[in-house]
Structure formats: C-alpha cells, structure tokens
1. Restricting to region B:32-57, name every residue that is assigned to a loop (DSSP other than H, G, I, E, B) and farther than 16 Å from A:L93 by Cβ.
2. Given the condition near DNA strand C (Cβ under 10 Å from one of its atoms) and surrounded by 13 or more Cβ atoms within 10 Å (Cβ to Cβ), answer yes or no: does some residue in region B:69-83 qualify?
3. Is it fair to say A:K51 is under 14 Å from A:S6 (Cβ atoms) and either within 16 Å of ligand 1 (Cβ to nearest atom) or away from chain B (no Cβ under 14 Å) (or both)?
4. For region A:35-51, which residues satisfy the criterion of being out of contact with any Lys or Arg (no Cβ under 9 Å at 6 or more places or on another chain) and touching a residue at least 40 places away in the same chain (Cβ under 8 Å)?
5. Give me the residue from region A:89-139 that is more than 11 Å from ligand 1 (Cβ to nearest atom) and of a type in the set (K, R) and, out of that set, nearest to A:I79 (Cα to Cα).
6. Determine the pairs where a residue that is over 9 Å from A:G64 (Cβ atoms) and more than 13 Å from DNA strand C (Cβ to nearest atom), located within region A:10-31, has a partner that is among the polar types (S, T, N, Q) and not in a helix (DSSP H, G or I) with Cβ atoms under 7 Å apart, the partner being 6 or more residues away or on another chain.
7. Collect the residues in region A:128-143 that are more than 9 Å from chain B (Cβ to nearest Cβ) and either touching a strand residue (DSSP E or B) at 6+ places or on another chain (Cβ under 8 Å) or assigned to a helix (DSSP H, G or I) (or both), keeping them in residue-number order.
8. Among the listed residues B:A50, B:A43, which satisfies the condition of being within 16 Å of DNA strand C (Cβ to nearest atom) and closer than 21 Å to B:P142 by Cα?
Protein chains: 2
Amino acid sequence: MISNSSKYAIKAVLFLAIHSNEENKIMVKDIAEPINVPQAYIAKLLQELAKRKLISSTRGPKGGFYLSSEDKERNVMDIISVIDGEKKINSCLLSLERCNSSNPCPIHHLANQSRIVLIENLKQNSINELALDVKNGKSKLPL
Amino acid sequence: MISNSSKYAIKAVLFLAIHSNEENKIMVKDIAEPINVPQAYIAKLLQELAKRKLISSTRGPKGGFYLSSEDKERNVMDIISVIDGEKKINSCLLSLERCNSSNPCPIHHLANQSRIVLIENLKQNSINELALDVKNGKSKLPL
DNA sequence: TCTAAAATATGATTTAAATCATATTTAAGA
DNA sequence: TCTTAAATATGATTTAAATCATATTTTAGA
Ligand code: FES
Ligand code: FES
C-alpha cells in the first residue's frame, strides 16, 4: 500500500524540514545516517524528489539538499504520489484493478472509508506542521 | 501493508464460501482459474490455510477444499493474520518498528485511527456474510 | 581557470516476495 | 488390494523492489 521507498522519502523530507533551510543545506551523507537509511539508496530518492520539485538542491561545494518555504507547504501524500504513484494507494484491496464503489469487491465497504480518511489525513498537514510537532516533542522521527 | 498473497487467499476463501460446502468440495484447478490466480501459487496458499484450520480439505479422489460451517464464521483479518502475520498490518508507517501512541512518529496521528478502523472493519463481517453479499449482488468477486 | 566537493544520471547487484515444479501421502472406488 | 485422483510437503526459479556502485555534471572558492 505504501512502499518502503515512500517511507524513507517521508523520513528524509521531515529530516530536512527540521534541520535545513535555504542557508543551511545538508549533504546526503549527513541525512542517511540519522534517519537510518542506506546512503546510496536515500541519495537516489532525494534526487527523484528534487527532480519532481518536492525538495530543493544545489550542486558543488557548499551544496546539498534543503526545503524552500514552498517545499515546506507540501504534504505527505505529495511524497507518496511522486515515489509510488497515485494509483497504488487507491487500488482495490483485492483485485489490484480499478476500485469502484458502484461495482465493489466483497471487502470494498470494509476498507474504502478508512482509506479515504487516511488519504485525506495525509493531505491535511503540511510538512512544516509535522516538523513543528517533532520540534515541540509531540512526535518523534524514528530510526 | 497487505500482501498479494493475502489478497489471493481472501479471494480464494470467498470463492469457496460461495461455491463449496461439506458435500461439494472444490479442487485447486477449479479455484485457480475463476479467481485468476496461478494454480501452483494458490495451491500453496490453500495448503497453508488448511494447515492453519481456516479452511477444510480432504485428499484423494472426490477430495478438494471447502468451508465447514465453522470456517464460514471466520473473518478477513483471520486470513491476513495467517498469511502475513499479525505484526505487519500493525507496524508503524514510517519506522517498521513498534508503532506506539505514546511515542508516535510524525504521521502516527494521521494514520493510526484509520488503521484501527480498517482492522476493526475487517473483523466485523464473517466470511459467510461477505459471501452472501456477493450472492445477493451487493458486491462482486473480481478477477 | 583549476580543483575539489557536491548532486545527478545511469546502471548493476542483491534480496524477498511471487511464482513454478514435482515427489510424496492419502483416500475413494473398482 | 490396486489404481488413480486428489491434497501435501518441499524446494527451485523468477521477478520486482530494494540496495549498491560509479562516471558525469555543476559550482564554490583558491
Ligand atoms: S473494489 Fe475492492 S477495495 Fe474497492
Ligand atoms: S508510530 Fe508511526 S504509525 Fe504509529
């Protein structure tokens, strides 16, 4: 439903939200370790996120990744959409085909509402808001 | 979150609920095709479900798989638990470690409630009830 | 303008899940 | 009791996701 890659990407973006800004960029090697994701792997994900404009980056010495103020207004679903694609999280729990309320599978009505709520919630808070929660001790960035 | 194997297993069990009973057993080859799952693959899953007592089977000529009346009182979460294991569906969306409301990750509060609701819903209806929905045209068994 | 430090692009390798294959065991019926 | 049809047990192969490796491009600063 949500890939490992998406989870890693979310962790990395939140880490950047907490520790970086326009004037304080962070290199992959300084991101990989604290979030406990292999460096080469998170590098690839960060590159993809940068290409898709969810995070910002500059090359060369003093370069690195960071979140611009617009980047911080993104939400978690934006990240999942870029890494996994829209359709994956919306696919039918049984068929992998089109999930459709007018032609539902036997467990559609058991699963559909909670999925809608989940997706809605993942769009509700900005990266910035989630980062503030961590700063305020209301949540933790796990390994 | 829910593996392909679990999805296949759920489809197979629902198929058995609709088409089989103590006097009318069904062979793997007659299950595989209608639910559109490779025969050797669904065979393995059915064997596991039978070993774990979620479905019934008899060997030899006139043998096959079927659901006893007790089997039909099981629910979808029972199947997921047997195929994927309990912990998988309950793991943290970010860390893969213990998901814990008193030490939550940044998206715990975005995801936890809907997951609880999903799991509760998947336990709510018996296989028999879900099969009746299909028989009554209220839902469809997809490919 | 050179050098070094960073991201980027691209592709190879590994691993776990999915899929396939087959020898063994059980039970019905002749 | 023999034969045959079924599930069962076990393991091999394939595939997609995860992970690793490296040559190229860009840019800051000497
Ligand atoms: S049709 Fe299966 S979850 Fe919607
Ligand atoms: S701690 Fe991450 S989902 Fe609960």
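The values are calculated or read from the model by the stated rules, or taken from the named source; none is laboratory data. Nothing here was measured: the structure is a model prediction, and the numbers come from that model. Here the Cβ positions follow ideal geometry from the backbone for every residue, glycine too, while neighbour counts run over all protein chains shown.
1. Our first condition is that a residue be assigned to a loop (DSSP other than H, G, I, E, B); within region B:32-57, this holds for B:36-38, B:52-55.
Across region B:32-57, the qualifying residues are B:P38, B:R52, B:K53, B:L54, B:I55.
2. yes
3. It is false that A:K51 is under 14 Å from A:S6 (Cβ atoms) and either within 16 Å of ligand 1 (Cβ to nearest atom) or away from chain B (no Cβ under 14 Å) (or both).
4. Across region A:35-51, the qualifying residues are A:L45, A:L49.
5. A:K123
6. A:E22/A:S68
7. Narrowing region A:128-143 to residues more than 9 Å from chain B (Cβ to nearest Cβ): A:128-129, A:132, A:135-137.
Across region A:128-143, the qualifying residues are A:N128, A:E129, A:L132, A:K135.
8. That would be B:A43, the only listed residue that is within 16 Å of DNA strand C (Cβ to nearest atom) and closer than 21 Å to B:P142 by Cα.
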